[in-house]
Every structure is written in structure tokens, then in C-alpha cells.
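Report on one structure; see the data block that follows.
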Amino acid sequence: MSTAVVILNWNNRSYLERFLPILVENTPREFADLIVVDNASTDDSIDWLTKNYPDIRLIRIAKNLGYAGGYNIALKGLPHDYFVCINSDVEVTPGWIQPLIRRMEENPSIGACMPKIRALDDRKMFEYAGAAGGFLDCWGYSFCRGRLFNVNEKDEGQYDTPSFVFWASGACLVVRAKAFRQAGGFDARFFAHMEEIDLCWRMQNADWTIFCETDSVVYHMGAGSLASENPLKTYLNFRNNLLMLYKNLKRTDLLMILPIRLMLDGIAAGRFLIKGQISHFLAIFKAHCSFYTSIPGMRKSSLPRKNYYLLTGVYKGSAVFDFFMNDIQRFSDLKGF
């Protein structure tokens, strides 16, 4: 059993300086190899790294390929059994990695696994990008145990049960090399955002399972590369969600779900317009244009497409309706599982 912990860097010297020493301290070198992948940074982060950690392997990429493309390049030639893709703004804790690998060793069906993720700026709260495991609702909207849309719950142990989920967070994602390659790796077209959900969906279609190991805890700063108010983030989230649905749904499910999603996206765009947030309105418009032009060839896949509503981690109700109309703000109050 061999493990590579791979940190993707892009102009983030401050994060490397702050979080890498903690990662080094809490990751036994006999247990895992540490690798930094640089996505064509233009700051001095690589100079800092080579000066302070010359023994850490560095993979340099000539162009910024985003999360998806950067990790695809980096992981392609690694001989390890497990890859840990971890954001540069994640603070690990003592003993963080052992429960994750142990869980995957004990259950060969698990293709991807994640720890429990709390917020770095408020350590009692779940963090947006993963919390205690990811799910999708009946229309393909993502949410988590511990986070519904923009509302994060306080971690009071309510989700401490290790559990199978739909998707594991890319902020700290452990993937089995065999499953990663069978599923085809990340889709580089996504660039960033939702590429891990797409990967986990393809893993489920290939008969792998996805897991959240709550005996492991990390803290995530979040929005390290793109702030939530950035229209590019809006663009990527809306475009990539549509791409993911179009790629992975069975045709019968696609014909039912996609029209509803297009309508709901239109409502979201209208809300931005009413609020005067023109840049976000235009981001959704551009996301749809990009989606439509990407359709040719998008459904080519050697993997089967399973019935969406029978996949693990699919909420049979509408999380959107429950959240906005029924004022449900806690995962445990959802009644559609």
C-alpha cells in the first residue's frame, strides 16, 4: 500500500507558508509521499518551496490547467495505490490521514473517501465545500451533511457516523488509483468546481462507492482561488452542473431533469437581475451558451449510466424547494431519503 499526498498550488505562497508545515508535521513520511504540483504560478511560491522544503517533490505545469487538468497531469505518472488531493488552504490535524486510508483498505469497494471538513475561521462550524459528505437532490443540486446551500451547521457530533455519500469533497479527496483511472480521471473541461462530484458520479456508475470517514477531521479556509462573489465562480458552477448532468444521467432521467434545471437556472438568473447583480446574470447566460456549444460528443463514455434515483446519496425530494419554500436549513430535517 502506497499513498501520495498531492497539493495543487497556484500563486499561493501564503497558504504554503501557513499550512504546509502543519501538513508535513502531521503526515508521517513513511506513510505517504508529499508532492506539490504547481499550476504555472507567477508569484514566488515555488522559490519559497524549493528553499524551505527541497526534499518535497515538485511537479511544474507550464500552463494553469485548473484543479481538474492540473491533477490529471500530476496523478497520471504516479505509481501509488492512493492519491490524496488536498487544497493548499487546508489545515490537517494529528492522525488525519490514517483513518482515511485504513477505511479504504478495509473496504475495497470504496473508490473515493473524504474526512469531515470544518471551517478554519470558525472551527465549530462545518465548512461549505464538503462538510460531512456530499449529496445531490432530485434535480441535481449539491448539498452536504452539515450544509444546505449557503447555510452551514455547527458541528455538534450530529453527523459523526461514517457514511456512504454521493460525492467526496475535492478540498481533501482520497481516491483509489485504480478507481480514478477506471473512471477516466477528472474531466479537464470543468477546470474548477464540481469536477470531484462528476468524478464520484462516474465512479458510482462503475460500481465504486463513495465514503465520508468522520474519524478524520481537517479545517478548510475556502474560496482560496475564487471568492463567492466572483462572477467566474457563478459561471463555473452553473456550467459545470449542467455538463455533469448531461454527461452522467441516463437518457430517460436526462429528459425529465434537464428541462427543470434549465427553468430553475432561468429563475436564478432573474433573481440576480432583479438584485442588480448584472455580472452574475451574465455569468449564467454565458454558462448556458458554453453548455450548449459543448453538447456535441459530451455523452460519449465507456461507462454505463445507472438509474439516477437508485444511486447512493441521491435525495428523492427537492432540496431547493425544502430550503427556499419550507425553510429547512438542516440536513437532518430533510425527509426524502
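Only the coordinates and a few stated rules stand behind these numbers; no lab work does. Note that the structure is a prediction, hence the values are computed from the model and not measured. Cβ sites come from the backbone with ideal geometry, for glycine too, and all protein chains shown count toward neighbours.
Quick look at the numbers
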item: Burial ordering of Glu25, Glu17, fewest other beta-carbon atoms within 10 Å first; result: Glu25, Glu17
item: 5 angstrom amide H check on Lys250, placed H, neighbours 5+ away; result: Tyr308
item: Cα gyration tensor, the stretch 231-312 - rounded (a/c under 1.5), prolate or oblate; result: prolate
item: Estimated 222 nm signal from helices in the chain, with DSSP H stretches of n ≥ 4 weighted -39500 (n - 2.57), rounded to 500; result: -12000 deg cm²/dmol
item: Computed E for Ala268/Glu30 - FRET, C-beta separation, R0 45 angstrom, nearest 0.05; result: 0.35
item: Proximal charge balance of Phe337 [Cβ under 13 Å; K/R count +1, D/E count -1]; result: 0
item: Order of Arg251, Arg261 under a 10 Å beta carbon neighbour criterion, fewest first; result: Arg251, Arg261
item: Under Karplus coefficients 6.51, -1.76 and 1.60, residue-wise ³J(HN,Hα) of the stretch 99-106 in Hz, glycine/proline x; result: x, 5, 5, 4, 4, 6, 5, 6
item: 3J(HN,Hα) from dihedral phi, the stretch 38-45, Karplus parametrisation 6.51/-1.76/1.60, rounded to Hz, x for glycine, proline; result: 9, 8, 6, 5, 10, 8, 9, 5
item: Listed residue pairs exceeding 28 Å between alpha carbons, taken from Lys116/Lys335; Lys250/Lys286; Lys154/Lys306; Lys178/Lys335; Lys154/Lys335; Lys178/Lys300; result: Lys154/Lys306; Lys178/Lys335
item: Principal-axis tilt of helix 13-26 within the chain, Cα atoms, nearest 10 degrees; result: 70 degrees
item: Relative contact order of the chain, defined on C-alpha pairs under 8 angstrom at six or more residues apart (%); result: 19 percent
item: J(HN,Hα) series, the stretch 272-286, from Karplus relation 6.51 cos²θ - 1.76 cosθ + 1.60, nearest Hz, glycine and proline x; result: 4, 5, 4, 7, x, 8, 5, 4, 6, 4, 5, 4, 5, 4, 5
item: Likely footprinting exposure, Ile110, Ile274, fewest C-beta neighbours within 10 Å first; result: Ile274, Ile110
